[in-house]
1. When you check Lys76 against the structure, is it open to solvent by less than 20 Å² (accessible area, probe 1.4 Å), at pLDDT 95 or above and of a type in the set (Lys, Arg), yes or no?
2. Return yes or no: is Lys63 basic (Lys, Arg) and surrounded by fewer than 17 Cβ atoms within 10 Å (Cβ to Cβ)?
3. For region 36-54, state whether one or more residues are in contact with a Leu (Cβ under 7 Å, 6 or more places away or on another chain) and of a type in the set (S, T, N, Q).
4. Take region 1-24 and flag every residue that is among the small types (Gly, Ala, Ser), open to solvent by less than 50 Å² (accessible area, probe 1.4 Å) and in contact (Cβ under 8 Å) with a residue 40 or more places away in the chain.
5. What strands (runs of 3 or more DSSP E) lie completely within region 91-180 and have 3 or more residues being free of Cβ contacts under 8 Å to residues at least 60 places away in the same chain and open to solvent by 20 Å² or more (accessible area, probe 1.4 Å)?
6. Sort out which residues of region 25-60 are assigned to a loop (DSSP other than H, G, I, E, B), open to solvent by less than 80 Å² (accessible area, probe 1.4 Å) and either within 15 Å of Arg174 (Cα to Cα) or in contact with a helix residue (DSSP H, G or I) (Cβ under 8 Å, 6 or more places away or on another chain) (or both), and write them in order of number.
Amino acid sequence: MRKLIYDVAASLDNFISHSNGSIDGFLTEGEFVTDFLERIKSYDAVLMGRNTYEWGYAFGLQKGQPSYTQINPDLKNYIFSKTITFEPGDLIELVRENEIDFVKKLKSEAGKPIWLCGGGELAGTLLDAQLIDELVIKLNPVVLGEGIRLFGSNTAKVKLQLTDSKPYDNGLIRLRYQIIY
């Protein structure tokens, strides 16, 4: 069975963005970016909610275009939304059905690990269903005070086992946890 890895940046107070979706204050340069881009190459599918997908529009992504394919040309994008519309393509698919059933099916297929890119509500739903296997946090040295929570409105309690960590000179720390249900 394929692993589902929630690989995401977060603030020290566990927000993945400001309430408006911006990541002002998060680090966007440094050695950790190179490491992150290498990890993207290890995935063959990425899951994201509508807001996470549309966030890419500010960086030139066009509606219906797969993201991160300039880094990993075979990365299949699955966008979870009941409101967005676009024509599916070879590397992008709109998922309107039950997230839990879809992810269970996807995990049962052969392939590389699956990257959960965001958003918080989708992550919370998948955590509740015990579908996330690992958590990779790029912990930014910033406190946002409010914003979009790491697991949305989810209040589930799970144990985490630290399996790896790497501090960077700019103050960011990458933490990798196994999720124990």
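The values are calculated or read from the model by the stated rules, or taken from the named source; none is laboratory data. Because the structure is a prediction, the values reported are computed rather than measured. Cβ atoms come from the backbone with ideal geometry, glycine included; neighbour counts cover every protein chain shown. Please note that ligands, DNA and RNA were not included when accessible areas were found on the heavy atoms of the full protein model with its side chains. Shrake-Rupley method; radii C 1.70, N 1.55, O 1.52, S 1.80 Å.
1. So Lys76 does not fit the description; no.
2. Criteria met by Lys63.
3. The answer is no; no qualifying residue exists.
4. Those that are among the small types (Gly, Ala, Ser), open to solvent by less than 50 Å² (accessible area, probe 1.4 Å) and in contact (Cβ under 8 Å) with a residue 40 or more places away in the chain: Ala9, Ala10, Ser11, Ser17, Gly21.
5. Correct list: 159-167, 173-180.
6. Answer for region 25-60, where residues must be assigned to a loop (DSSP other than H, G, I, E, B), open to solvent by less than 80 Å² (accessible area, probe 1.4 Å) and either within 15 Å of Arg174 (Cα to Cα) or in contact with a helix residue (DSSP H, G or I) (Cβ under 8 Å, 6 or more places away or on another chain) (or both): Phe26, Leu27, Gly30.
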